[in-house]
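Student: The structure follows.
FYI, it's all coordinate maths here, none of it is from the lab. Since the structure is predicted, the reported quantities are computational estimates derived from the model, not experimental observations. Backbone-built Cβ (ideal geometry, glycine too); neighbour counts: all protein chains shown.
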Amino acid sequence: MPVPPVGLRHRESVKIDRALTVPAVSPAFPHFRDMPPVFATAFMVGFVEETCVAALAPHLEPGQRTVGTHVDLSHEAATPIGMTVTCEIELVAVEGRRLRFKVEARDDKDVIGRGHHERFIVDDAKFMARLEAKARG
């Protein structure tokens, strides 16, 4: 199994629109509807994961993917609609199939979040088989 290299870096950017704000997170969370229209922490976590997945894609074998296993992120500043958020990640540790990333997210004015994210390399077929077995009970 090839291993992504420690030191791997990647950057992604996204323009914040209404769909990425706290009130838009999910109709399953009705209390969010009255929250300020700022970039949601939930979407920041998703954006961090997306950035890591994009960075890893060229380094995985067919049939492999990664799953998130741990998130430790601050959300230090609010980002209004219309600003761009850029997420920068660096792979800082590889322990077998466990990957640890240093993360920083910033908008047009401030660092808005920082921390670490861990992902685990899995065999897609085995992972899906375990998931289906769990669903069946």
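Student: Among the residues of the stretch 47-58, are any surrounded by 12 or more Cβ atoms within 10 Å (Cβ to Cβ) and in contact with a helix residue (DSSP H, G or I) (Cβ under 8 Å, 6 or more places away or on another chain)?
Tutor: No, there is no match, as no residue in the stretch 47-58 is surrounded by 12 or more Cβ atoms within 10 Å (Cβ to Cβ) and in contact with a helix residue (DSSP H, G or I) (Cβ under 8 Å, 6 or more places away or on another chain).
Student: Assuming Ala77 fulfils every condition listed in (1) free of Cβ contacts under 8 Å to residues at least 60 places away in the same chain; (2) surrounded by 14 or more Cβ atoms within 10 Å (Cβ to Cβ); (3) outside any loop (DSSP other than H, G, I, E, B); (4) not aromatic (Phe, Trp, Tyr) apart from one, which condition is it?
Tutor: Result: Ala77 passes all but (3).
Residue by residue, here is whether (1) over 18 Å from Arg9 (Cα atoms); (2) under 19 Å from the mean Cα position of the chain (by Cα); (3) of a type outside the set (Lys, Arg) holds:
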| residue | (1), (2), (3) |
| --- | --- |
| Thr86 | no, yes, yes |
| Leu99 | no, yes, yes |
| Lys102 | no, yes, no |
| Ala105 | no, yes, yes |
| Lys109 | yes, no, no |
| Arg114 | no, yes, no |
| Asp123 | yes, no, yes |
| Arg130 | yes, no, no |
| Gly137 | yes, no, yes |
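Student: Working only within the stretch 101-127, note down all residues that are crowded, with 17+ Cβ neighbours inside 10 Å and among the basic types (Lys, Arg).
Tutor: Across the stretch 101-127, the qualifying residues are Arg106, Arg119.
Student: Answer yes if at least one residue in the stretch 88-95 is surrounded by 15 or more Cβ atoms within 10 Å (Cβ to Cβ) and part of a helix (DSSP H, G or I), and no otherwise.
Tutor: no
Student: Could you list all residues from the stretch 115-135 that are outside any helix (DSSP H, G or I) and not basic (Lys, Arg)?
Tutor: Gly115, His116, His117, Glu118, Phe120, Ile121, Val122, Asp123 - these are the residues of the stretch 115-135 that are outside any helix (DSSP H, G or I) and not basic (Lys, Arg).
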